[in-house]
Each structure stands twice: as C-alpha cells, then as structure tokens.
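So the structure is just underneath, and the comments pick up after that.
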Amino acid sequence: MDTRTTQCCIAGGGPAGIMLGFLLARAGVDVIVLEKHADFFRDFRGDTIHPSTLEIVYELGLIDDFLRVPHQEARIAQGQVGTETVTIIDFSRLPTHCKFLALMPQWDFLNFMNERAKRYPNFHLEMNAEAGDVLVENGRVCGLAVSTPTGHLEIRADLVVGADGRSSTVRAKAGLASRDFGTPIDVLWMRVSRRPEDPDVPLGRVDTGKILVMLNRGDYWQCAYVIRKGALEDIRARGIDAFRADIAALVPAMQNRVGELGSWDDIKLLTVKIDRLHRWYRDGLLCIGDAAHAMSPIGGVGINLAIQDAVAAANALARRFGRGPIGVAPLAAVQRRREWPTKMTQRLQVFVQHRVLERVLASDRPMRPAWPIRLLDRIPMLRAIPAYVVGVGFRPEHVRTPEAFTVPR
Ligand SMILES: Cc1cc2nc3c(=O)[nH]c(=O)nc-3n(C[C@H](O)[C@H](O)[C@H](O)COP(=O)(O)OP(=O)(O)OC[C@H]3O[C@@H](n4cnc5c(N)ncnc54)[C@H](O)[C@@H]3O)c2cc1C
C-alpha cells in the first residue's frame, strides 16, 4: 500500500475543507484535501454566500475576482404572509464591505477557492479519494486510510481534519459522539423558471399550512418547500398533480410554470438534521463544519458556519505546524471558539422550527403577518437585526493567518 505524508490531511472538499486547505497552504503548511467525488458539480447543495463569508474573501484580497463569478445579489429579503408582502431583512446597514447576500452555485464557489489554493505549491487536492479508517498510533490519530480508483493509500499527517459533512465518516471512525436535536421539518428543493417580470428579491411565501422560500438564481427560482418531517410519502401518494396545485395555490404566478415539475425526480428531499458533537476533537484530529454540527437550512447559514470554523481553525493552528505534534489544547481552543456561535445559531433554528414553522404547517386558515414581522416591515432600522444574525452571525471570524508565499492573484 502506498503511503504519503503531509502536515495536514483534510477529509472533505466542501466549503469547510477547501477554505481550511486554502488558508493553511497560504500560510505555508503542506496540505492534502481529499474529496470523494470526481468534481464539485453535484446536486444543489446550498448557494448562499453570506456577507461574513464575502468579508473573508475581501480580507484575502480576492473579492474583485470573486464578484466577477456570475451571481445574484440579494440586498433585502421579503415575506408574503397571506396577501401582505413585508420586508423583513435589509443587509444595507451591515458593518461589512459587501452589504448583500451573494447567490452563487456552491460548485462555483468551491472551484474559485480551489483555483486560488492551487497557486500555492503545498496545496494538494485529491479528487475521487474517499477517506475511510482513521489511523491510530499510541492512542493518537496519525493519518487516514484512503480509497482511490487506483487502489488504497495511507496518508500520514500531523493533523487530520474531518470536514466531510453531516454524514462524516471521519467523525464516526474517530468515535466522536454527537447530540441530535431532532427537527419537525424536512424540505423539498426544486427549480422553476424565472421570468423578467418576476421580483428579484428572495421571498418567503406563507399561507394556510404552506411555506415556500424562493431564491432568485437568474433564469430560475430555487424553491424550498417546507414539509412536516416524514410527510413526503403522503405528499407523493396524493400525486404530482396535487403537489403542483399546492404550489400554484400558494404562488398563483407559478400557475403556468408548475408543469416544469415533470416528475418526482425534479423534486429533491433534504432530510433536515440538527446535531452537534460533544467533543469536536481527539488527539491528532479535529472536526469542523457540518461534520461537527449539522445545521437546519433555516437562514441558509450552513456554508457560512463551515467557513467560519475553517477560518478559526486556521487562525488557531497554522503557526503550530512544523513544531512537533499538535496537542489537544489548540484543538480544544477551536471548539471553544466555535461552539458558542454554533449553539446560538442552532438554538435559534430550533426556536423558529418549533415556534413558527411547525405552527404554520399545522394551520388550515389564511394567515396574516405576526406582530414582530409587522414591526420589521414598519421600522426599517429594525431589519438590520435579522440581517446581522443571518448575514454575519454570532462571533464572526477574521483572517489572522499570514501569506507565506507571494503568488499571482
Ligand atoms: C439540499 C441542501 C440545501 C442547502 N442549502 C443551503 C443554503 O442555501 N445555504 C447554506 O448556507 N447551507 C445550505 N445547506 C447546507 C450546506 O450545504 C452545508 O452546511 C455546508 O455545505 C457544510 O459545509 P461542509 O464543508 O462542512 O460540508 P459539505 O458541504 O457537506 O462538504 C463535505 C464534503 O466532503 C465530501 N466527503 C464526504 N465524505 C467523504 C469522505 N469519506 N472522504 C472524502 N470526501 C468526503 C463530500 O463529497 C463533500 O464534498 C444545504 C444543504 C443541502 C443538502
């Protein structure tokens, strides 16, 4: 079996893994990122790039190039409850350079960061490389067993990072236990074409037991239809025509477009999950992003939190490589730094799921905006509060790692 050695081996080429790989390589650390798929181009997996992530890109000096990648910019978000349209989020007062949420396919974001990371000679991304067992010596994780199309490989590393998402193999193999917070909802994702005369701001449509969130993706709407957990079978049993009719009833402008949902293949289930590891590390290994804490799609903050974890981990660890084994203390420090913002965000998501979404889904009456929503609509300054919570989040991170090489931008 082939063996390779590196300073940091990261399992998972998602937002957390690619950003951490980029930051460590930029700081002079030798990094191997393993991604089990052949490319980043897969099913829709979230494409909201929040102002705090854009701020990181700004701090890295990459913002001008980044904003040349095709994207949409959402400066406000609206809700339509019953017959009333209300503006609830306004990013324009945020203390960030980009006062908007960028909507960009996640694969474009990952390709962009990967292209920049590859300019550092010590960044290595291995596609089609699936992390399996963690290698342990004297109780310390010292590497990963990896499957590739050409065979098996061992990668030995001073530090292994599990950034392999919410079904993380690394965290399971490392024996890290999590707490599952349960959730009463699932989400159906689908695309419906967008017309020039359609509004361009993100819209949450709520009425008589139904919730649909619509994100402007240029020539189509990326739609999230919220359902009771496990209700997909009942919905399918009623037939695709009944489902199309439900969407059209909620958004009458979609009446002549719901036919684009040709079959259930056009409708993808996101099984919503909220969980968090008790301990994000053990000797020689750290988990970040969804591998440490799966987030609900409420607020679209999963990518953002994954990136913030990566920045915090790089800040805490980059300078420790090359000075002998990295002990557990700095890994514990990463958890301490990121656990509180994760906890706060998850608590808010649990609150919204139970106090808002569950109640709406159980209702069979026409709805009107609740008073806090009306307040946001009437007093524009207040819209900065949800904008901050969603767009920046609790304890935003900043790039503190040096650039060890000068590479062409
Ligand atoms: C349908 C859907 C819609 C979403 N919408 C949004 C949204 O609008 N906004 C938002 O912020 N968040 C959204 N999310 C959540 C968001 O995608 C995640 O929170 C975020 O991607 C987490 O980043 P991550 O890098 O931690 O993990 P992931 O993005 O899950 O990346 C993990 C990577 O590891 C790879 N991998 C897995 N196992 C292995 C292995 N054993 N070896 C090697 N590689 C491996 C995977 O292929 C993947 O590329 C959505 C999620 C889904 C499923």
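The values are calculated or read from the model by the stated rules, or taken from the named source; none is laboratory data. All of these numbers come straight from a predicted model, not from anything done at the bench. In this analysis, Cβ positions are derived from the backbone assuming ideal geometry, glycine residues included, and neighbour counts consider all displayed protein chains. Just the protein is used for accessible areas: all its heavy atoms, side chains included, with ligands, DNA and RNA removed. Shrake-Rupley method; radii C 1.70, N 1.55, O 1.52, S 1.80 Å.
Determine the percent antiparallel among the DSSP beta bridges restricted to the stretch 76-204, to the nearest 5.
Details: 18 of 20 bridges.
Counting DSSP beta bridges with both partners in the stretch 76-204, the antiparallel share is about 90 percent.
Where nothing but the Cβ of Lys and Arg (+1) and of Asp and Glu (-1) is charged, how large is the charge dipole of the chain around its Cα centre, in debye to the nearest 20?
Details: 53 positive and 46 negative charges, 255 e Å.
Its charge dipole is roughly 1220 debye.
Quick one: Karplus J couplings for the stretch 155-165, per residue in order, coefficients 6.51, -1.76, 1.60, θ = phi - 60°, nearest Hz, x for Gly and Pro?
Ordered by residue, 3J(HN,Hα) equals 10, 9, 8, 5, 9, 9, 10, x, 10, 9, x Hz.
Would you mind working out the magnitude of the charge dipole of the stretch 1-140 relative to its Cα centre, with +1 at each Lys and Arg C-beta and -1 at each Asp and Glu C-beta, to the nearest 20 Debye?
It works out to roughly 280 debye.
Mind giving me the FRET efficiency for Leu62 and Ala253? R0 is 45 Å, r the Cβ-Cβ distance, nearest 0.05 is fine.
Numbers: r = 38 Å, r/R0 = 0.84.
FRET efficiency, Leu62 to Ala253: 0.75.
Quick one: work out Rg over Rh on the C-alpha atoms of the chain, Rh as Kirkwood radius.
Computed over Cα atoms, the ratio is 0.98.
Charges only on Cβ, +1 for Lys and Arg, -1 for Asp and Glu: so what's the dipole of the stretch 258-385 about the Cα centre, in debye to the nearest 20?
Working: 20 positive and 11 negative charges, 158 e Å.
With Lys and Arg at +1 and Asp and Glu at -1, about 760 debye.
May I ask for the distance between the Cα centers of the stretch 1-57 and the stretch 341-401, given as a whole number of Å?
After rounding, the separation between the Cα centres reads 29 Å.
Which ³J(HN,Hα) values in Hz, rounded to whole numbers, follow from the phi angles of the stretch 330-345 under the Karplus curve 6.51 cos²θ - 1.76 cosθ + 1.60, where θ = phi - 60° and Gly and Pro get x?
x, 6, 5, 5, 5, 4, 4, 5, 9, 5, 4, x, 5, 4, 4, 5
Once the dipole of the stretch 72-161 is set up with Lys and Arg at +1 and Asp and Glu at -1 on Cβ about the Cα centre, which of Gly151, Thr96, Ile76 lies farthest towards its positive end?
Projecting each Cα onto the dipole axis, the largest value belongs to Thr96.
Given the rule -39500 (n - 2.57) for each run of at least 4 DSSP H residues, summed and divided by the residues of the chain, what is its mean residue ellipticity at 222 nm, to the nearest 500 deg cm²/dmol? Provide the component values of the computation, followed by the final result.
Numbers: 12 runs with 122 residues, N = 409.
Taking each H run of at least 4 residues, the total per residue is -9000 deg cm²/dmol.
If Lys and Arg each add +1 and Asp and Glu each add -1, what is the summed charge of the other residues whose beta carbon sits under 10 Å from the beta carbon of His398?
Surrounding charge for His398 is -2.
Once you order the gyration tensor axes a ≥ b ≥ c over the Cα atoms, which shape class does the stretch 1-56 get: rounded for a/c under 1.5, otherwise prolate or oblate by comparing a/b with b/c?
Oblate, since a/c reaches 1.5 and b/c is not below a/b.
What does the charge add up to near Phe351, with Lys and Arg as +1, Asp and Glu as -1, over the other residues with Cβ less than 15 Å from its Cβ?
On the way: positive: Lys343, Arg347, Arg355, Arg359; negative: Glu358.
My count for the surroundings of Phe351 gives +3.
Can you give the relative contact order of the chain as a percent, counting alpha carbon pairs under 8 Å and 6+ residues apart? Walk me through the numbers before you get to the answer.
Details: 839 pairs, mean separation 99.5, N = 409.
Value for the chain: 24 percent.
Looking at the chain only, what percent of DSSP beta bridges run antiparallel? Nearest 5 please.
Of those bridges, close to 70 percent are antiparallel.
Counting only protein chains, not ligands or nucleic acids, how are Met367, Met1, Met295 ordered by accessible area (probe 1.4 Å), most first?
The most accessible residue leads, giving Met1, Met367, Met295.
Step through the residues of the stretch 133-139 one at a time and calculate ³J(HN,Hα) from phi using the Karplus curve (6.51 cos²θ - 1.76 cosθ + 1.60, θ = phi - 60°), rounding each to whole Hz and writing x for Gly and Pro.
Each residue's phi maps through the Karplus curve to give 5, 8, 8, 10, 10, 6, x Hz.
Sort the stretch 109-215 into rounded, prolate or oblate with this rule: let a ≥ b ≥ c be the square roots of the eigenvalues of the Cα gyration tensor; rounded if a/c is under 1.5, and if a/c is not under 1.5, prolate when a/b is larger than b/c, oblate otherwise.
Note, shape of the stretch 109-215 comes out oblate.
Whole percent per 10 Å bin, from 0 to the bin with the longest distance: what is P(r) over all C-alpha pairs of the stretch 209-346?
Going from the shortest bin to the longest, the percentages are 10, 31, 22, 18, 13, 6, 1.
Place +1 on the Cβ of every Lys and Arg and -1 on the Cβ of every Asp and Glu in the chain, take the dipole about the Cα centre, and give the residue among Leu34, Leu261, Leu382 whose Cα lies farthest towards its positive end.
Leu382
Taking the chain as a Gaussian network, Cα atoms linked when under 10 Å apart, which of Asn256, Asn128, Asn111 shows the biggest mean-square fluctuation?
Residue with maximal mean-square fluctuation among Asn256, Asn128, Asn111: Asn256.
If you rank Met381, Met254, Met127 by how much accessible surface each has, with a 1.4 Å probe, what is the order from largest down? Please list the in-between numbers first.
Details: Met381 135, Met254 5, Met127 55 Å².
Order by accessible area, largest first: Met381, Met127, Met254.
Students sometimes get this wrong: rank Arg338, Arg244 by accessible area, probe 1.4 Å, all chains present, largest first.
These residues rank, largest area first, as Arg244, Arg338.
So, taking all protein chains as they sit and a 1.4 Å probe, how much accessible area belongs to His152, in Å² rounded to tens?
Roughly 120 Å² of His152 is accessible to a 1.4 Å probe.
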